[in-house]
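The values are calculated or read from the model by the stated rules, or taken from the named source; none is laboratory data. Please read these numbers as outputs of a predicted model, since none were measured by experiment.
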Amino acid sequence: MKWNFQTGLAFGQISGWALMALLLVNILLPYWFRKRIDGVAFLKRMRLHFWIGYTLPALIFVHLWIPMVARVLRPEDKWGLYLATAGYGVLILQAIIGSFLRKATGRNYNALLRVHFYVLMIALPLILSHVFLNHR
């Protein structure tokens, strides 16, 4: 499919907001799953959180690729794109930490959980700044 300016712009906007919604759901899932469910282990309840966490970087790559192919980017978008690139890297780091967190136990688990949360607190301002600077 050949992407033109209008379809690339529309895809970027729609996919961006869908990714923000998916990110928000993924942030909230661990808090929703904290409550015990009759006999279901915590890691089993967290499967959806893991799946979304590993899928988000791939979906973000599609979100960034289509507007680039369609040449939707403007010179004044560069700072928002720099922030988005940094946020993308931090989310990949977040997924890597999450994969270690799945296997961690005891003190390692608590320490990694804190790191996982703090990395999210680094990613969110980068992503929200990108949205603020590059929305149209």
Taking L56, is it under 18 Å from L124 (Cα atoms) and at pLDDT 90 or above? yes
Condition (residue is in a helix (DSSP H, G or I) and among the β-branched types (V, I, T)) applied to segment 98-114: is it met by at least one residue? no
